[in-house]
């Protein structure tokens, strides 16, 4: 893993649609922080979804970032070219006895949760509002689980959260420099248990965001993770994986989000906030900076 006395920042967009103003803010903040601190700025392409993340969208994304005024070191790390790194990390976690296959489909999970809540028993949800995984045995009998295993049915490879926390045996924290809470001495308590048994890979995809971001940050020597407030609570999962795998701990900075007229964070389907659409309408990079609240 690279080591450097200079801070190393990264911007890691996913080319599954055109970049919007929220991406512009995050990219500019990282780029300028690296410049002002004498650090390095890396670009990472998070394209584990090889169906939606096309070569054309990747090319257009790089054009938009260059037009905005960003420049980065080469080569650019592309996740789709490094699946073996994620497989190797999964193997390490599996050797620790921390992974298991979950065979429940999304519809089965939804039906189980709905039935529980219909009986007046609220189902626990993660910080993003997604119901926690109930476990296969809560829905399927042993024969059905074995049948799905034998026929190699679709599955999600999940982290056994209870075992992972027991293996740690100590509280986890992270250092936060963003505009939110900072805790004592800038340290915040990490609560990965809120996420339940998170997905780290699937049968047809050798990694998830949680796993790949931790592996990539370590391999690239990232020291400063500056990203949107929507990923604030996910940091707890990332700190757990870093600790389990003896990986370096970056300093985190979660920045404000750019919200749409409805008060929600922007999505790539919002054509009116897409950089490509704004470029075509004649806006300049300086105007984009003003739109996201930067000088």
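The values are calculated or read from the model by the stated rules, or taken from the named source; none is laboratory data. Computed from a prediction, not measured in an experiment: that's the story for all the values here. All Cβ positions, glycine included, derive from the backbone under ideal geometry; neighbour counts span all protein chains shown.
Across the range 26-50, the number of residues qualifying as touching a strand residue (DSSP E or B) at 6+ places or on another chain (Cβ under 7 Å) and either without any contact (Cβ under 8 Å) to a residue 60 or more places away in the chain or in a helix (DSSP H, G or I) (or both) comes to 12.
Within the span defined as the range 227-239, every residue fails to be more than 14 Å from the chain's Cα centre (by Cα) and outside any loop (DSSP other than H, G, I, E, B).
The residue list 263, 221, 282 contains one member that is surrounded by fewer than 21 Cβ atoms within 10 Å (Cβ to Cβ) and either within 19 Å of the chain's Cα centre (by Cα) or part of a helix (DSSP H, G or I) (or both), which is 221. Give me the residue from the range 32-56 that is under 24 Å from residue 206 (Cα atoms) and surrounded by fewer than 18 Cβ atoms within 10 Å (Cβ to Cβ) and, out of that set, nearest to the chain's Cα centre (by Cα). The qualifying residue nearest to the chain's Cα centre (by Cα) is 49. Screening the candidates 157, 104 for the property of being surrounded by 14 or more Cβ atoms within 10 Å (Cβ to Cβ) and either in a loop (DSSP other than H, G, I, E, B) or without any contact (Cβ under 8 Å) to a residue 60 or more places away in the chain (or both) yields one hit, 104. Among the residues in the range 163-186, are any more than 19 Å from residue 93 (Cα to Cα), crowded, with 20+ Cβ neighbours inside 10 Å, touching a helix residue (DSSP H, G or I) at 6+ places or on another chain (Cβ under 6 Å) and at pLDDT 95 or above? Yes, the conditions are met somewhere in the range 163-186. For the range 63-81, filtered to residues that are free of Cβ contacts under 8 Å to residues at least 12 places away in the same chain and under 22 Å from the mean Cα position of the chain (by Cα), the residue that is surrounded by the most Cβ atoms within 10 Å (Cβ to Cβ) is 81.
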